[in-house]
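Note sheet for the following structure.
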Amino acid sequence: MRRVVIVGYGMAGARLADELRRRDQDISITVVGAEPHAAYNRVLLSTVVAGTMTPESTRLHDERWADEHRVDLRLGWEVREVDRAARTVVVGRAGGDPEPAIPYDALVLATGSVPWVPPAEGLTEDGRLAPGVVAFRTLDDCAQIEAKAGKGMPVAVLGGGLLGIEAARGLAGRGCLVTVVHPVGHLMERQLDPAAGGVLARTLGKLGIEFRLNSMATKYLPGDGLILDDGTHVPAELVVVSAGVRAETSLAVRAGLTVDRGIVVDDALRTSDPRIHAIGDCAQHPGTVSGLVQPAWDQAAVLADRLTGTDPSARYRGTSVVTRLKARDIDLAALGDVHTDVDCPDSEVLCFQEPSRGRYAKLVLRDDRVTGAIVLGAPDAAATITQLYDRGIPAPTDRLALLLGRALPAEAASPADLPSSAVICRCNTVSKGQIVSAWRAGAESLPQLAEATRATTGCGGCKDAVCGLLDWLGASQPAPA
Ligand SMILES: Cc1cc2nc3c(=O)[nH]c(=O)nc-3n(C[C@H](O)[C@H](O)[C@H](O)COP(=O)(O)OP(=O)(O)OC[C@H]3O[C@@H](n4cnc5c(N)ncnc54)[C@H](O)[C@@H]3O)c2cc1C
């Protein structure tokens with residue numbers, strides 16, 4: 001029997017274990033996870049900080065999962081070394097003595113990423129975050145933020161990327177006085193152009209959040225706040241670090257694997273040692289957008305096909321991702337290449353902005369297909385444009401109607417036309433196929449579907465699409481997806 005050992009019980013590791021067992025009832029699966037919790041949906045942590053979801057409701061597996069699926073789960077254990085010659089891993093409980101080594105035929109590194117801490121004086125002490133400074137990566141971080149962040153308390157968020165904005169919105173919702181410190185001239189620069197970043201900042205400003213753009217913290221004064229590079233002071237009794245992540249590669253480096261920004265893998269998700277694989281945030285694949293869940297889960301499916309022999313020729317070719325901001329009162333979707341200029345000769349670029357109402361939409365098309373978009377404050381347009389992008393079908397000729405959310409392309413009008421793999425719920429990465437299967441298994445109402453698949457339980461933005469699927473399923477009794 002083949003022995004697969006997975007290092008990391010996060011979103012990629014947990015998914016891989018599920019995919020392996022679904023394909024093969026006999027394969028031996030060991031999962032070693034350093035966090036003390038059952039796997040959870042990290043994407044939903046901002047809703048925990050905002051107080052709209054409990055930590056329990058973010059769980060991907062319950063306590064019975066390992067027994068029911070015959071997985072040797074070592075919760076709160078860490079892999080310390082890999083002995084490639086002996087094909088074993090050295091393990092132990094966090095802080096404990098080494099336990100007997102675990103042998104593997106195939107080893108999968110799914111060690112994720114760790115927060116990057118800006119080099120400001122005083123933010124760390126003895127290699128750890130100083131008291132009053134919290135990262136935003138784990139359920140334990142959320143518990144710390146929740147315990148510390150009080151109404152009326154000045155809080156600084158370091159980083160104005162997706163996670164920083166989600167943290168800031170959640171904290172503002174708790175009544176904190178939030179200032180976001182961001183080293184770039186506009187927010188979410190990876191996903192937004194300057195104009196969209198400006199509209200977002202304005203919208204968040206109306207919700208009480210302040211911004212210090214083009215600024216870096218140089219010093220942390222405990223209990224008092226931050227000194228920025230222009231010498232000014234930002235009051236903060238709590239500092240939340242959300243300034244980016246770096247792949248957790250230390251184990252791979254010690255094992256002598258090829259590591260660049262992440263653990264380098266090929267299309268078969270093999271590292272420089274063909275018996276060792278890497279998936280998720282820790283892996284560096286040429287077509288990967290690192291730091292997002294959809295590539296991690298696509299990789300888990302490909303690797304499960306290969307490791308179980310279901311499809312030994314399966315290859316991972318990259319993932320086109322759609323980013324959604326999960327922040328109350330703000331609807332923002334960004335996808336593809338959004339940085340194309342309006343006067344770019346081989347693209348069609350349309351832009352619409354209404355900053356006073358928090359609306360901004362930019363659409364980039366090439367050969368009639370959507371290749372990029374930013375849609376802020378226009379959920380109807382976001383839904384249609386995302387569908388066109390996912391399916392790669394031609395956009396309707398009335399571009400303006402599309403941009404304003406008044407167009408529904410004929411091809412996308414019926415859920416029947418969506419491919420089974422179309423992602424309906426992006427927070428939980430639930431596809432149309434999973435919804436159809438759950439419905440066939442008896443989940444015929446919205447709460448039952450939410451219970452069975454978790455669709456709609458994140459930001460809730462997919463509720464209309466799921467209801468549309470339910471209506472269609474009820475009316476048409478389609479063939480299995
Ligand atoms: C607040 C927040 C919001 C996010 N929102 C989005 C979003 O909207 N959309 C999106 O696509 N992505 C989002 N992400 C990113 C997404 O969560 C990650 O891409 C995803 O979690 C990657 O999965 P992973 O398994 O590779 O890493 P992780 O989920 O980080 O899991 C890695 C696990 O490995 C464990 N580990 C590490 N080293 C060892 C070791 N030596 N031994 C044992 N265990 C080890 C770690 O403790 C951890 O539990 C968000 C992340 C955060 C923090």
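Given the conditions (1) under 22 Å from Leu228 (Cβ atoms); (2) touching a helix residue (DSSP H, G or I) at 6+ places or on another chain (Cβ under 8 Å); (3) open to solvent by 40 Å² or more (accessible area, probe 1.4 Å), report the number of the one that His182 does not fulfil.
So His182 meets the others, but not (3).
Say we look at the range 333-349 and pick out the residues that are without any contact (Cβ under 8 Å) to a residue 60 or more places away in the chain and within 16 Å of the ligand (Cβ to nearest atom); which of these is surrounded by the fewest Cβ atoms within 10 Å (Cβ to Cβ)?
Result: Gly336.
For Val321, state whether it is aliphatic (A, V, I, L, M), closer than 21 Å to Gly10 by Cα, at pLDDT 95 or above and not assigned by TED's automatic domain parsing to the domain that holds Glu189.
no
Residues in the range 15-46 that are of a type in the set (A, V, I, L, M, F, W, C) and under 23 Å from Ser242 (Cβ atoms): how many?
So the answer is 5.
For residues that are crowded, with 19+ Cβ neighbours inside 10 Å and free of Cβ contacts under 8 Å to residues at least 60 places away in the same chain, scanning just the range 22-32, find the one that is farthest from the ligand (Cβ to nearest atom).
Looking at residues that are crowded, with 19+ Cβ neighbours inside 10 Å and free of Cβ contacts under 8 Å to residues at least 60 places away in the same chain, I get Ile29.
Can you tell me which residue within the range 58-73, out of those that are out of contact with any helix residue (DSSP H, G or I) (no Cβ under 8 Å at 6 or more places or on another chain) and not in a loop (DSSP other than H, G, I, E, B), is nearest to the ligand (Cβ to nearest atom)?
Across the range 58-73, the extreme among qualifying residues is Arg59.
Among Ile393, Ile330, which is the only one that is among the β-branched types (Val, Ile, Thr) and within 16 Å of the ligand (Cβ to nearest atom)?
None of the others qualify; the one that does is Ile330.
Pick out the one residue from Ala85, Ala143, Ala156 that is out of contact with any helix residue (DSSP H, G or I) (no Cβ under 6 Å at 6 or more places or on another chain) and part of a helix (DSSP H, G or I).
Ala143
List every residue pair whose Cβ atoms lie under 7 Å apart, where the two residues are 6 or more positions apart in sequence or sit on different chains, the first residue falls within the range 63-91 and is open to solvent by 80 Å² or more (accessible area, probe 1.4 Å), and the second residue, located anywhere, is within 15 Å of the ligand (Cβ to nearest atom) and modelled with pLDDT under 95.
Pairs found: Glu63/Ala38.
So which of Glu210, Glu189 ends up being open to solvent by 10 Å² or more (accessible area, probe 1.4 Å) and under 22 Å from Glu237 (Cβ atoms)?
One residue alone meets the criteria, Glu210.
If a residue has to be part of a loop (DSSP other than H, G, I, E, B) and either within 16 Å of the ligand (Cβ to nearest atom) or among the polar types (S, T, N, Q) (or both) to count, how many in the range 209-237 make the cut?
So the count comes out to 3.
Any idea which of (1) more than 15 Å from the ligand (Cβ to nearest atom); (2) open to solvent by 60 Å² or more (accessible area, probe 1.4 Å) is the one Thr52 doesn't satisfy?
Only one criterion in (1) more than 15 Å from the ligand (Cβ to nearest atom); (2) open to solvent by 60 Å² or more (accessible area, probe 1.4 Å) is unmet by Thr52, namely (1).
Any idea which of Gly198, Gly164 is in a helix (DSSP H, G or I), at pLDDT 95 or above and surrounded by fewer than 20 Cβ atoms within 10 Å (Cβ to Cβ)?
It is Gly198.
Can you say whether Val240 is within 12 Å of the ligand (Cβ to nearest atom) and in a strand (DSSP E or B), as far as the supplied structure shows?
Taking the combined requirement at face value, the residue satisfies it.
Is one or more of the residues making up the range 256-266 within 16 Å of the ligand (Cβ to nearest atom), out of contact with any Cys (no Cβ under 9 Å at 6 or more places or on another chain) and part of a strand (DSSP E or B)?
yes
What is the residue count in the range 459-476 for residues that are in a loop (DSSP other than H, G, I, E, B) and either open to solvent by 20 Å² or more (accessible area, probe 1.4 Å) or within 16 Å of Ala441 (Cβ to Cβ) (or both)?
Here the count works out to 3.
Between Asp72, Asp67, Asp62, Asp141, which is within 27 Å of the chain's Cα centre (by Cα) and more than 29 Å from Arg254 (Cβ to Cβ)?
Asp62
Of the conditions (1) without any contact (Cβ under 8 Å) to a residue 12 or more places away in the chain; (2) within 14 Å of the ligand (Cβ to nearest atom), Ile145 fails just one. Which one is it?
(1)
Rundown of residues vs (1) within 15 Å of the ligand (Cβ to nearest atom); (2) within 27 Å of Gln284 (Cα to Cα); (3) at pLDDT 95 or above, yes/no style:
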{"position": "Ala34", "(1), (2), (3)": "yes, yes, yes"}
{"position": "Leu44", "(1), (2), (3)": "yes, yes, no"}
{"position": "Leu75", "(1), (2), (3)": "yes, yes, yes"}
{"position": "Arg80", "(1), (2), (3)": "yes, yes, yes"}
{"position": "Arg84", "(1), (2), (3)": "no, yes, yes"}
{"position": "Gly95", "(1), (2), (3)": "yes, no, no"}
{"position": "Leu109", "(1), (2), (3)": "yes, yes, yes"}
{"position": "Ala120", "(1), (2), (3)": "no, no, yes"}
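The values are calculated or read from the model by the stated rules, or taken from the named source; none is laboratory data. On a predicted model such as this, the values are computed, not experimentally measured, just so you know. Cβ coordinates were reconstructed from backbone atoms using ideal geometry, including for glycine residues, and neighbour counts include every protein chain displayed. Note: accessible area is taken over every heavy atom of the protein model, side chains too, but ligands, DNA and RNA are not part of it. Shrake-Rupley method; radii C 1.70, N 1.55, O 1.52, S 1.80 Å.
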